[in-house]
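One structure below.
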């Protein structure tokens, strides 16, 4: 269950981070399913270290300021490692996966 985080900018930043990480993991230009998005955002918002990391990333990347910026890669840090591991854990196996692909 998600903690009541009223900071809509932080929630927006967490969602942007999850979508960027999903695109990085899958190579798809899109977002994970709503259930996966919600679980990953709740995972971030439930941990104070992850919240601070996402807020710092959003400030550096200009998330929410309305500016158009070129694509960037997510920093390879503790935030990235923890959220990536969680996202890989909750993402379902691709529909057209061959043997050996999918969940690890």
Number of positions in region 1-32 that are part of a loop (DSSP other than H, G, I, E, B) and either surrounded by 12 or more Cβ atoms within 10 Å (Cβ to Cβ) or at pLDDT 90 or above (or both)
5
Would you call residue 50 modelled with pLDDT of 95 or more, part of a helix (DSSP H, G or I) and touching a helix residue (DSSP H, G or I) at 6+ places or on another chain (Cβ under 7 Å)?
yes
Restricting to region 64-84, name every residue that is surrounded by 11 or more Cβ atoms within 10 Å (Cβ to Cβ) and at pLDDT 90 or above.
77, 78, 79, 80, 82, 83, 84
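The values are calculated or read from the model by the stated rules, or taken from the named source; none is laboratory data. All values reported here derive from a predicted model rather than from experimental measurement. With ideal geometry, Cβ positions are generated from the backbone for all residues, glycine too; neighbour counts draw on all protein chains shown.
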